[in-house]
Amino acid sequence: MKKLLKTINPVSKIDAQIRLPGSKSITHRALIMAALSEGPAQIGNPLKAEDTFFTAKALEASGAIIEWSADSVRVAPPAYRWRQPDGPIFLGNSGTSARLLLAVFSAGTGTFVLDGTPRLRQRPVGPAAEALEKLGTIKRWIGKTGFLPVQITCRGLNGGDVFVDASESSQFLSGILIAAPMARGKVGVEWSEPVASRPYVDITLGMMQQAGIRFEREASNRIAIPAPQVYAPRNFTVEGDCSSASYFWAAAALTGGEVMTSPVSPYTLQGDCRFLGVLDKMGCRIVWKDQGVRVKGPERLLPIDIDMNEMPDMAPTLGVLSAFASGTSRIRNVAHLRIKESDRLYAVAAGLKVLGVEAEELPDGLIVHGGAPHGPPSGPISSFDDHRIAMAFALAGLRLHGVVIEGAESVNKSFPGFWDIFESLGKD
């Protein structure tokens with residue numbers, strides 16, 4: 001399929017107010033927990049994007065009834081836990097869908113086959129499947145061991161203790177935590193530390209508590225979940241997506257302008273909201289308002305040396321910002337970016353090279369030598385079919401003439417309205 005090319009037009013300075021789409025990570029979890037509850041639930045401000053639609057369609061294929069409206073979605077759970085689907089469940093390139101649903105379907109009865117795009121088949125699910133096997137799930141790797149496609153034969157989850165290797169992805173852990181209350185007996189979940197993208201586990205646990213699930217923290221890396229329990233049906237409003245907001249915060253940082261984004265709260269559990277702290281260290285001014293936050297960019301963007309393990313999705317954005325900072329920046333401890341929608345460390349280094357920026361790709365990060373690129377790009381910048389890469393490098397076009405993003409359609413994965421909002425930044 002021919003890839004969409006998007007040319008970015010520079011702007012001098014921006015002053016914008018942005019209404020954010022719903023959080024992707026929260027929407028996935030809200031859909032799943034509603035489908036696990038004992039009655040219908042209404043979810044307000046859900047993210048309507050490729051990834052969340054894959055989760056919704058998978059739940060529908062297994063018996064849930066999901067009805068979308070203009071600004072909400074109604075979810076009615078299956079009458080008898082999960083119905084065995086008629087065929088394989090296709091999950092696109094949604095790693096969240098694959099890893100959470102692998103665990104959740106294991107709590108049902110029947111045979112489920114999960115599959116996805118060629119790239120999703122390269123993203124590991126083995127640690128989750130190995131842990132689920134300890135709780136009674138029977139797995140069969142159809143292709144490469146540890147990766148989709150996988151067939152799981154399920155008769156519900158047994159209780160007991162299970163260990164999860166969460167060093168590559170917190171989603172392995174989140175899926176098992178969500179599924180554990182439906183086991184036949186108490187489940188003790190222990191995991192490796194450090195956890196990749198730990199804040200997403202906090203989101204999972206926070207939403208479980210809100211849905212009435214009880215658990216006990218026995219150690220920093222162990223939780224005991226009494227079972228069986230049932231998720232309480234509850235109406236829920238999804239807060240704005242901090243990952244999506246970050247591109248507009250960064251746009252203010254790059255242009256010295258101002259951006260107001262809402263709805264988002266300083267009390268959010270979203271780890272990517274911590275990117276505001278990164279921007280503060282680079283010279284931005286951050287002001288929280290009712291229901292939102294205002295970011296004002298500096299006259300001179302400062303370089304930074306930082307561990308991004310807890311907000312790895314922000315690393316591509318920081319990589320691009322660093323090209324315009326007044327010095328050398330270093331991004332650390334994000335080796336797991338290599339198993340995302342693309343190898344994001346390689347993709348960022350490759351894109352910066354097109355911009356004429358000197359960048360060193362490390363096993364677990366990047367070194368970027370800043371100083372504001374001056375010449376035109378040497379060609380289009382590939383998104384590598386990765387939404388985060390496309391949106392991050394769009395930022396460079398706010399300062400440089402001739403920036404073209406190849407594969408601009410990739411933003412539909414998480415933010416279908418991105419280009420319309422982004423192109424409005426330079427307009428009065």
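Since every read-out is calculated from the coordinates, none of them should be taken as a lab result. Quick caveat: nothing in here was measured; it's all calculated off a predicted structure. Quick reminder, even Gly has a Cβ in these numbers, built from the backbone with ideal geometry, and neighbours come from all protein chains shown.
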Item checked: Label-point separation in nm, residue 222 to residue 420, each point 7 Å along Cα→Cβ -> 5.1
Next item on the list: State the antiparallel share, in %, of DSSP beta bridges confined to the chain, rounding to the nearest 5.
Entry: 70
Notebook entry, point to check: Taking the Cα centre of the chain as the origin and placing charges on Cβ (Lys, Arg +1; Asp, Glu -1), which of 302, 41, 78 is farthest toward the positive end of the dipole?
Noted result: 78
Notebook entry, point to check: How large is the charge dipole for the chain, taken about the Cα centre, if only the Cβ atoms of Lys, Arg (+1) and Asp, Glu (-1) carry charge, to the nearest 20 debye?
Noted result: 480
Check: What Cys residues in the chain have no fellow cysteine's beta-carbon under 4.7 angstrom?
Finding: 154, 284
Checklist line | the range 272-428 shape via C-alpha gyration tensor axes, a/c threshold 1.5 | finding: rounded
Checklist line | Whole-number percent relative contact order across the chain, with pairs defined as alpha carbons under 8 Å at least 6 apart | finding: 18
Checklist line | Helical mean residue ellipticity (222 nm; -39500 (n - 2.57) per DSSP H run of 4+; nearest 500) of the chain | finding: -8000 deg cm²/dmol
Margin query: Looking at the chain as a GNM with Cα springs under 10 Å, which of 336, 374, 28 has the largest mean-square fluctuation?
Written below: 374
Next item on the list: Starting from the Cα of residue 134, step 7 Å along the direction of its Cβ; do the same at residue 274; then give the gap between the two resulting points in nm.
Entry: 2.6
Check: From the phi of every residue in the range 128-137, what ³J(HN,Hα) in whole Hz does the Karplus formula 6.51 cos²θ - 1.76 cosθ + 1.60 yield, where θ is phi - 60° and glycine or proline is x?
Finding: 5, 5, 5, 5, 5, 4, 5, 9, x, 6
Item checked: Rg/Rh ratio calculated on Cα atoms of the range 40-120 (Kirkwood radius) -> 0.96
Checklist line | Whichever aspartates and glutamates have a C-alpha closer than 16 Å to that of residue 48, once near sequence neighbours (fewer than 8 apart) are set aside | finding: 60, 67, 71, 239, 241, 409, 420
Checklist line | Beta bridges per DSSP with both ends in the range 24-228, % antiparallel, nearest 5 | finding: 80
Item checked: Mean Cβ neighbour count within 10 Å, used as a protection proxy, ranking 245-254, 377-386 highest first -> 245-254, 377-386
Note to self: Bin width 20 Å, origin at 0, all Cα-Cα pairs of the chain: what percent of pairs per bin?
What the structure shows: 27, 56, 17, 0
Check: If you take the charge dipole of the chain about its Cα centre, with +1 on Lys and Arg Cβ and -1 on Asp and Glu Cβ, which of 287, 370, 391 is farthest toward its positive end?
Finding: 391
Note to self: Given Cβ point charges of +1 (Lys, Arg) and -1 (Asp, Glu) and nothing else, what value in debye, to the nearest 20, does the dipole of the range 24-228 about its Cα centre take?
What the structure shows: 260
Note to self: Considering the Cα positions of the range 1-135, please state its Rg to one decimal place and its Dmax as a whole number of Å.
What the structure shows: 17.5, 58
Checklist line | Theoretical FRET efficiency, 1/(1+(r/R0)^6), r = Cβ-Cβ of residue 13 and residue 202, R0 51 Å, to 0.05 | finding: 0.90
Margin query: Taking just the alpha carbons, could you work out the radius of gyration and Dmax for the range 24-228, both in angstroms?
Written below: 15.4, 43
Checklist line | Anchor residue 134: lysines whose Cα lies under 24 Å away (excluding residues fewer than 8 positions away in-chain) | finding: 144, 186
